[in-house]
Amino acid sequence: MTAKEENGEKHLWPASAHEARRFILHELPRCTPVDGGTAEGDRHGRANEPPELLDPDIIEGSTFRAVHVADPRSVRGQSGFAGFLDGTQDVRIVNQIDGIPIVWATVSAAVRARTNRRLASWSGRPPVVRGSYYIPFRYVDGMPDELRNDSRVVDTASQDRSGKFPSRHPAALMEAAVQRVQQDRENAEIELAEAWCALEEQALYVDGSISASPMVSRSTLAVGVIKSHRRLYAEGDAFRVLVALRAGERSTVFRVSSRSRHPVASWYVRVRAATGRDALFGLVRVESAETVDVSARADELSRWIIAEGSPLALPDGRWDKMAYGVRDAEEFLRAIS
Amino acid sequence: MTEPLGRVVATERKPNTPHEFHFWTSLDSPVGIGTIVRVDGAHATSGQIPHIYGVVVEGFSYTDLLTPMHDVLGHDGSPGNAGLAVTERTEIRLYSAAVLRQIPEEPLQPVPMGEVFLAEEADVAVALRMDGYLKEGSHTGIPVGVYRAGATDSVVYLDADFLLGPEAAHLNITGMSGLATKTSAVEFLLASVFAHFPESKGSIAAVCFNVKGPDLCFLDQPALRLEDSDRALYEKMGVKPEPFANVRYFAPYTAKGFALNTLRSNEALVHNVTPLTWGLREVLQYAEVLLNRDDIDAKADALIDFITERVVDRKMDKDGPLSRDHTVQTFGDLEAWFRDLLQGMERANAESWRTHHIATIRKVRNRLSNISTRCAGLVTDTGDVSDLPFGSFEDRAVYVVDVATLEEDAQDLIFARIVSKLREHLERRDLGVKHLIVFVDELNKYAPGDGQDTYVRKMLLDIAERGRYLGLVLFSAQQFRSQVHRRVVGNSGTALYGRMDSDELATPGYSVLSAATRTRLATLDKGQLMVRHPHFTQPIFVRFPRPAVLQGRDGVERFPQAADVTLETALYKSLRTLDPSIPLAWLKSLVNLYDEAELLGARNATMLAKPSNVRAFFESRLRRIIPADAPAGASRHVTSPLRPLPVGDPYDL
């Protein structure tokens, strides 16, 4: 809350891009409004990573192979997921000052719980909807202290790990803003995922990776399902096995870890037949806590994920990989944010 | 405070207007077509939170599917697989409602966003503007049925000022034959009117024309069975579930004259059945009802007028072609006059008499003479008149005229004369009651939208357009409203609709109703009606109870029609209602002596006069028969007749 808000003055934090445009005009009179649409960048949050193939760190057996899990038709109606978590972001340049873009972004995340086959908002924690400004402080003169000190205004010109500041180039500043927005969105998702793991006893279908949070990555309740494959954990023969997976098959389980992420068990599942389609059609990568019974766990979760393939998530373009619960969560977020 | 059952929603493509709004509900909400809802606005307008009342006219249901093909794909083409999906698609129930009323009423604005509630009883009263006429001290509400939605059971009232005048009047009911329960609705509504008509407005009675079947023949008998649910409705509406206390039936005789031409002929029920018979005086005024327009040119019309004004009930002296004095009071008298006149003209070889050409006279004689033949049983040659009790109508009485088994001519004549007489008496304010309801079924037949202009149709138009100022109210019914004269139905302030024929619903007059409302009309259950009333901005669906009177079918089974009888039995049955001691043997002896017409004439006169000495009166009406040979030495005993013979007695030849 700003000082003005504490004083009861009518400068309510913006609830839309239009309001954001007017609010910042009031705070930074020298800026000029920009009437633009959603900024570039995946609405659903993933940065434009370069595509790459990686050798999988196998933790189930010794070879990367296909494992038959079930006939997709036989697993209909059998899923242990009780909730679906997803997040979205909306990034816009609302103003500019001396050529510096002032970005307004809304990040939101929600869990949709399923009861008697019907989805509704999870009662454990309300959806997260946060609107923030993303401004490179060092390149904006005359920025009021109130604004600088507001936690809802994010400095996108802070030093990176190597100690460098981002360039003044508007595109570089935009890229930095988008990265911060993605980070904030992921934080919002983590917040809800951790709450679920603390409060619930049934599995949560997380749209995306679960390796960012130590708690979530170690919880047996959270299951991350990744639809994008900029990074494929299959090289050489493993790649050939991967693209040949049939509907109802999964790959061998492997470990995914990095310096900035927590280790998780992971595998690929073909949710639906790719005959006549591209090699990655209906293919998702699953992340789960590494457990002792990794094979049985992978089989069970794979069956659940295959079962979540009905009803179809059409008309979403990613319907082949998307669970209907995630689509519902996205529609919900579209409605509230 | 009840929970909201929906929320108003509007998009650019589907905006709300001052007259229509949209809202969504949960899947298990009790909303349906015809449900009344209330919207509470979120923001004040002119310092007042707006409340909008609407009636649901359309409903939609859809999911996030873009095309049905996606559902087929998702279930591998097998409908049975749908139940195996782990998640049900999100489904919306979206409704459109037509605005009934907005509070405040000005400024009239589009319906705002807000919560939607099921209308409770108080809301229904406001929504239908009934609060204006249900106030203590000025209550003019007449219950027409009960509106039901969820747990709400609200009585719907019509405003007597708009149902029975003077603000508006008349009621029209449309519906399929046998399914729509038009007659049941009228029976219930009459009971409701009798129970709730405000005392301050005076007395009221009803005249019903029973035009088909036995539907109206047992209004004074209790229904065989009345369900508890019907009793509850009666109680809710403050109407006693009882038959009408004061009902009188009127029907002409059969052509033979032995018995009354009515389905209500069972002995147990004849106590309140009165013959309906008219003579020359009563019929001549309405001769045009029976005469073909092509027949009656100006000349014939002039002669009929002359006869009406200068001949009937006047003494015509022997003059010119007339060979004797005439006093024409009956059809028989009229026939004798015509015969005498024409014979005289033929003798004198005269072409005309008092400007009337002989051909015209012959023509008019022919047309008038066969009226009593065409309307045998109703029109008598002897002039005995048994009529409705004009001048002494009783409050809350029902007078049923049974014309179901009559020929069309007789029906038209009855209708024309009775309605005209009612109108005359109401104009003079001496009918006996201040308000009168006339119920006519089969309006398709009596007031068709096309075809020749008939007397009956003109009369119905007159009632529809001017009746309310006299207190004469038309309750009419038909199967096809689109085929009834527009001004008759258009002047009906209140309209009720039972189950409708789909072809009828496709006619332009129903295009103002939504498709869902029309579909509901085509599938209404018995006991349900759609009501349009001046106060109601939109039509409303209500439920009414089964009438508490014996239905026609049940009545005919319980009180079968009397079998055909012989002349003596017919006389016996009639006279015994006046004097149970009348012996059959005495009647048989008279039957052997007198002809049928004379005996029937005597009976009719006796039934009219209701004398204390029935036998003596009956005999006095018969001509005296003197034995052929008087005994020698016997003196002739002259007795004075009980009644002097009328001048010009047709038997005095």
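What to note about this one:
- Elements of type strands (runs of 3 or more DSSP E) contained in region B:75-160, each with 3 or more residues being β-branched (Val, Ile, Thr), in contact with a His (Cβ under 8 Å, 6 or more places away or on another chain) and closer than 30 Å to residue B:193 by Cα: none
- Residues of region B:425-455 satisfying the condition of being closer than 27 Å to residue B:162 by Cβ, among the charged types (D, E, K, R) and in a loop (DSSP other than H, G, I, E, B): B:429, B:430, B:434, B:441, B:442
- Residues in region A:320-331 that are touching a Ser or Thr at 6+ places or on another chain (Cβ under 7 Å) and more than 9 Å from chain B (Cβ to nearest Cβ): 1 in all.
- Screening B:640, B:581, B:589 for residues that are in a loop (DSSP other than H, G, I, E, B), modelled with pLDDT of 85 or more and more than 21 Å from residue B:275 (Cβ to Cβ) leaves exactly one candidate, B:581.
- Long-range neighbours under 8 Å by Cβ, at least six apart or interchain, first residue within 14 Å of residue B:95 (Cα to Cα) within region B:50-63, second among the aromatic types (Phe, Trp, Tyr) and in a strand (DSSP E or B): B:54/B:21; B:56/B:95; B:58/B:95; B:59/B:95; B:60/B:95
- Boolean, residue B:384 is more than 30 Å from residue B:538 (Cα to Cα) and in contact with a helix residue (DSSP H, G or I) (Cβ under 9 Å, 6 or more places away or on another chain): yes
- Test for residue B:134: is it at pLDDT 90 or above, of a type outside the set (Val, Ile, Thr) and under 27 Å from the mean Cα position of the chain (by Cα): no
- Elements of type strands (runs of 3 or more DSSP E) in region B:1-50, at least 1 residues being at pLDDT below 95 and closer than 28 Å to residue B:153 by Cα: B:36-41
- For region A:304-311, the criterion of being part of a loop (DSSP other than H, G, I, E, B) and loosely packed, with under 15 Cβ neighbours inside 10 Å is met by none of the residues.
- Of all residues making up region B:377-410, the number that are farther than 14 Å from residue B:439 by Cα and outside any loop (DSSP other than H, G, I, E, B): 5
- Residue within region B:521-529 that is polar (S, T, N, Q), free of Cβ contacts under 8 Å to residues at least 60 places away in the same chain and within 30 Å of residue B:258 (Cβ to Cβ) present: no
- Looking only at region B:59-74, and only at residues there that are within 7 Å of chain A (Cβ to nearest Cβ) and over 55 Å from the mean Cα position of the chain (by Cα), the one that is farthest from residue B:31 (Cα to Cα): B:73
- The set of residues in region B:396-411 being acidic (Asp, Glu) and either crowded, with 17+ Cβ neighbours inside 10 Å or out of contact with any helix residue (DSSP H, G or I) (no Cβ under 9 Å at 6 or more places or on another chain) (or both) consists of B:402 alone.
- Cβ-Cβ contacts under 6 Å between residues 6 or more apart (or on different chains), taken from a first residue in region B:240-253 that is more than 17 Å from residue B:402 (Cα to Cα) to a second residue that is surrounded by 19 or more Cβ atoms within 10 Å (Cβ to Cβ) and hydroxyl-bearing (Ser, Thr, Tyr), are listed as B:241/B:234.
- Screening residue A:288 against (1) within 20 Å of the chain's Cα centre (by Cα); (2) more than 12 Å from every other protein chain (Cβ to nearest Cβ); (3) surrounded by fewer than 24 Cβ atoms within 10 Å (Cβ to Cβ) leaves a single unmet condition, (3).
- Filter pass, residue A:71 being within 14 Å of chain B (Cβ to nearest Cβ), acidic (Asp, Glu) and either closer than 21 Å to residue A:333 by Cβ or out of contact with any strand residue (DSSP E or B) (no Cβ under 8 Å at 6 or more places or on another chain) (or both): yes
- Options B:184, B:203: the member that is surrounded by fewer than 19 Cβ atoms within 10 Å (Cβ to Cβ) and in contact (Cβ under 8 Å) with a residue 60 or more places away in the chain: B:203
- Filter result for residue A:317 (of a type in the set (Gly, Ala, Ser), in a helix (DSSP H, G or I) and within 14 Å of chain B (Cβ to nearest Cβ)): no
- Identification of helices (runs of 4 or more DSSP H) wholly contained in region B:221-302 with 1 or more residues that are of a type outside the set (A, V, I, L, M, F, W, C) and surrounded by 19 or more Cβ atoms within 10 Å (Cβ to Cβ) yields B:228-237.
- From the list B:108, B:94, B:66, the one residue that fits, being of a type in the set (A, V, I, L, M), surrounded by fewer than 16 Cβ atoms within 10 Å (Cβ to Cβ), modelled with pLDDT of 90 or more and within 25 Å of residue B:12 (Cβ to Cβ), is B:108.
- Taking residues in region B:20-41 that are hydroxyl-bearing (Ser, Thr, Tyr), and partners anywhere that are assigned to a strand (DSSP E or B), the pairs with Cβ atoms closer than 6 Å and at least 6 places apart or on different chains are B:25/B:6; B:25/B:93; B:35/B:56; B:35/B:149.
- Test set (1) within 14 Å of another protein chain (Cβ to nearest Cβ); (2) without any contact (Cβ under 8 Å) to a residue 40 or more places away in the chain; (3) surrounded by fewer than 20 Cβ atoms within 10 Å (Cβ to Cβ) - residue B:131 fails condition number: (1)
- Residue among B:490, B:509, B:451 that is on the phi > 0 side of the Ramachandran plot and either out of contact with any Phe, Trp or Tyr (no Cβ under 6 Å at 6 or more places or on another chain) or surrounded by fewer than 24 Cβ atoms within 10 Å (Cβ to Cβ) (or both): B:451
- Just one of (1) more than 21 Å from residue A:67 (Cα to Cα); (2) crowded, with 24+ Cβ neighbours inside 10 Å; (3) under 20 Å from the mean Cα position of the chain (by Cα) fails for residue A:319. It is (2).
- For residue B:147, the conditions (1) closer than 30 Å to residue A:327 by Cα; (2) surrounded by 18 or more Cβ atoms within 10 Å (Cβ to Cβ) are fulfilled apart from (1).
- Per the conditions (1) assigned to a strand (DSSP E or B); (2) within 11 Å of another protein chain (Cβ to nearest Cβ); (3) of a type outside the set (Asp, Glu), the sole criterion not satisfied by residue A:78 is (1).
- Applying the criterion of being more than 14 Å from chain B (Cβ to nearest Cβ), surrounded by fewer than 24 Cβ atoms within 10 Å (Cβ to Cβ) and among the small types (Gly, Ala, Ser) to the residues of region A:109-134, the residue that is farthest from residue A:166 (Cα to Cα) is A:123.
- Against the conditions (1) away from every other protein chain (no Cβ under 14 Å); (2) surrounded by fewer than 16 Cβ atoms within 10 Å (Cβ to Cβ); (3) out of contact with any His (no Cβ under 9 Å at 6 or more places or on another chain); (4) in contact (Cβ under 8 Å) with a residue 12 or more places away in the chain, residue A:246 satisfies every one except (3).
The values are calculated or read from the model by the stated rules, or taken from the named source; none is laboratory data. It should be emphasised that the depicted structure is a prediction, and the values quoted were computed from it without experimental measurement. No Cβ is skipped: glycine too gets one built from the backbone with ideal geometry, and neighbour counts run over all protein chains shown.
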